[in-house]
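The values are calculated or read from the model by the stated rules, or taken from the named source; none is laboratory data. Keep in mind that this is a model prediction, so the values were computed, not measured. Here the Cβ positions follow ideal geometry from the backbone for every residue, glycine too, while neighbour counts run over all protein chains shown.
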């Protein structure tokens, strides 16, 4: 089973593995992954949508209807629509983000890729992202797909996360390390 090979676990891992296995059976892994990435970007940009999936006071059927309207409006595939409906019926929408991350990880591993999450103070150009992907591919020894996001809390530099490894080369962290060193001197 895919879950054991990759190491995803817990509630989100079980749902992601079930969706991955079903998508694989139907030959819809790429389409389902694209749908989930679109849904994740909506979650990133919408506080209301986040409240909807996390709120325990919103009734199950209300959550289901609202999510059905959202996935219909953005035009997600049938498998993804049914899966989101299942999550709503089972009151499991609160783990949707982790399910998406686990599914993307399963999908990338199936393609022989590693996903790197890169946080930066400003949006990076395609050329910069390509250079980062090339450097990381050489360091890891596998094809690396870079997913970037802007973190307004960073002053400059990058925070790169690949699996459980993280390299924090942000200006904020450098300043914090310098502050600690300066305290030790005085």
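Tabulated data for the structure shown
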| item | result |
| --- | --- |
| Hey, residue 163 loosely packed, with under 15 Cβ neighbours inside 10 Å and within 16 Å of the chain's Cα centre (by Cα) or not | yes |
| Test: residue in segment 30-41 that is in a helix (DSSP H, G or I), over 24 Å from residue 145 (Cβ atoms) and modelled with pLDDT under 90 | no |
| Selection from segment 73-110 of residues that are touching a strand residue (DSSP E or B) at 6+ places or on another chain (Cβ under 8 Å) and without any contact (Cβ under 8 Å) to a residue 60 or more places away in the chain | 108 |
| Number of the exception - residue 91 against (1) over 14 Å from the mean Cα position of the chain (by Cα); (2) in the same structural domain as residue 57 (by TED's automatic domain parsing); (3) surrounded by 15 or more Cβ atoms within 10 Å (Cβ to Cβ) | (3) |
| Residues of segment 45-68 satisfying the condition of being under 18 Å from residue 101 (Cβ atoms) and surrounded by fewer than 11 Cβ atoms within 10 Å (Cβ to Cβ) | 45 |
| Test for residue 99: is it outside the structural domain of residue 172 (by TED's automatic domain parsing) and either at pLDDT below 90 or assigned to a loop (DSSP other than H, G, I, E, B) (or both) | no |
| Count of segment 69-84 residues which are surrounded by 15 or more Cβ atoms within 10 Å (Cβ to Cβ) and in a helix (DSSP H, G or I) | 7 |
| Residue that is without any contact (Cβ under 8 Å) to a residue 40 or more places away in the chain and in a helix (DSSP H, G or I), where the choices are 16, 23, 66, 12 | 66 |
